[in-house]
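The values are calculated or read from the model by the stated rules, or taken from the named source; none is laboratory data. Treat the numbers as computed from the prediction; the structure is a model and nothing was measured. Virtual Cβ from ideal backbone geometry, glycine too; neighbours counted across all protein chains shown. Note: accessible area is taken over every heavy atom of the protein model, side chains too, but ligands, DNA and RNA are not part of it. Shrake-Rupley method; radii C 1.70, N 1.55, O 1.52, S 1.80 Å.
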Amino acid sequence: MHQALRSRTAFRPASGAPAAPGPRQHPQHPRQVRSLIDADALRVLHRAARVLLADLPDLTDRLVAALQDLEPAYRAAVTSDPAATWQEVHRSLRHSVSSLIDPRGSRDAARRCSWRIGATRAEQGLPLDALLHAFRLGGSLVWQGLIDETCRTAPEDVRLLVHIATDVWNFVDEHCSLVADAYRQVERQLAWRRENRLRVLAGALLDGASRIADLPETARALDLPEEGRYVVVAVAAGRTCDPSAPVRGTRAYWHTGAEVDYGIVLLDETGVPGEGGAAGGSAKGPTPPGGAAAVPGGARTGVSTAVSGLAAVGDARRLADLALGLCPRAGGTVHLTEHLPAALVVSAPELGAALVDRVLGPLGGLEPADEAVLLDTLAAWLACEGSAQRAGERLYCHRNTVLNRLRRYEQLTGRSLSRPADLVEVSLALAARSLRTH
């Protein structure tokens with residue numbers, strides 16, 4: 001608009017002055033005619049704009065009423081704080097109309113006003129479409145006011161307003177773009193703050209450092225109830241996600257870490273972790289109701305035991321780390337509930353090492369191959385629930401061979417595999433040795 005409203009000058013001879021002697025007069029050049037028309041149009045515009053400026057409160061009332069009637073999103077704003085809304089509209093109109101009269105002197109103030117409105121309304125959550133609609137309604141009201149005032153005082157000059165119409169609407173479009181830029185910039189800042197706050201709350205929850213007073217805010221931010229049965233899923237980071245799910249849950253929130261990603265999973269009504277579940281949901285951030293915790297295929301994944309309430313998520317995270325520590329390097333999913341003896345060992349590595357030395361140490365004097373055979377036989381026999389027949393099938397040998405190897409272990413260590421206490425120690429020692437070597 002400021003391009004069309006800049007000062008224009010044109011030579012206009014004084015009324016009644018005699019023409020200077022010289023060559024025969026030619027018709028005025030089209031540029032001279034255009035300059036005269038523009039100057040007249042500016043005169044008409046300035047005259048009407050000054051009237052609008054003098055009657056600005058009435059113009060403001062009309063625009064506020066139009067917003068209430070035509071823009072539903074503004075109705076709540078007008079109802080909740082009518083004075084603030086009226087002042088915002090009044091300031092915007094004052095700067096806009098002033099820019100019609102003095103574009104160069106009013107331009108910066110008008111731009112600052114529009115920018116502040118866009119930023120403020122973004123913070124308040126007013127939809128951007130509603131805000132842009134309000135600015136265009138304001139432009140329409142001002143333009144109609146210019147036409148009405150000119151029709152009232154000088155109807156013959158209305159046609160001149162056509163020559164500045166494009167520039168008036170360019171001004172409106174410029175400020176709509178300015179408002180949208182301010183709105184989106186603040187919207188990005190607010191989104192970053194929300195995301196950062198969400199990460200802080202989730203991180204404190206997983207670390208067990210959440211204050212009781214913060215739990216309601218955390219529950220709202222994560223879209224998870226304070227009460228409920230939860231497990232935490234720990235996944236070695238840096239893997240591409242796929243829809244496989246180690247836990248059947250209704251909702252989950254994923255927290256990305258440098259080395260481990262953690263999923264806080266609300267269990268379904270059964271409260272029982274499952275090996276599968278409905279695929280769906282996002283691997284990062286909240287998953288929709290009915291979705292499942294999505295984990296990377298082939299990744300190392302540990303699933304905690306179930307805990308009650310968000311307040312216990314920190315304990316579940318530590319248990320998920322234990323389960324993750326039990327995972328083979330090649331990948332896989334370990335549910336802690338299915339590996340509790342091994343979890344006891346891995347939670348106290350010094351005691352596990354001592355147990356290995358005490359229970360399996362006497363085998364260290366054998367040849368490595370001979371030692372490996374005895375250890376593999378013990379592990380297979382325990383995995384087959386004490387059945388020598390099934391252990392022999394797994395090891396491709398006769399059941400009597402299995403029994404002979406077990407008796408040899410008893411002779412070398414002085415332990416009896418029929419004594420429950422010795423059997424528990426052997427099982428834990430084998431688990432500790434396996435964890436130490438994998």
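Could you give the size of the charge dipole of the range 85-211 about its Cα centre, using +1 on the Cβ of each K and R and -1 on the Cβ of each D and E, expressed in debye and rounded to the nearest 20?
680
Report the Cα centroid-to-centroid distance between the range 383-438 and the range 84-154 in angstrom, as an integer.
That distance is 86 Å.
Could you rank the peptides 131-144, 188-201 by their average count of other C-beta atoms within 10 Å per residue, with the highest value first?
Going from most to least packed, we get 131-144, 188-201.
Which order do peptides 64-75, 117-128, 407-418 fall in by mean Cβ count within 10 Å, highest first?
Per-residue Cβ counts within 10 Å, averaged per peptide and sorted highest first, yield 117-128, 64-75, 407-418.
Could you sort 218-225, 78-85, 146-153 so that the peptide with the highest average Cβ count within 10 Å comes first and the rest follow in order?
218-225, 146-153, 78-85
At 1.4 Å probe size, with the rest of the protein present, what percent of the exposed accessible area of the range 104-168 is carbon and sulfur atoms? List each step's numbers first, then the result.
Values: 1670 of 3280 Å².
Carbon plus sulfur share of accessible area: 51 percent.
Only loop residues by DSSP count here, and only those with at most 11 other Cβ atoms within 10 Å; note down the GluC sites (Glu not before Pro) in the range 320-387 that meet that.
Values: sites: Glu338, Glu350, Glu371, Glu385; in loops: Glu385.
Loop-located and lightly packed - Glu385.
With point charges of +1 on the Cβ of Lys and Arg and -1 on the Cβ of Asp and Glu, referenced to the Cα centre of the range 301-438, which listed residue (Leu360, Ala388, Ser418) lies farthest in the positive direction of the dipole?
Final value for the positive-end residue is Ala388.
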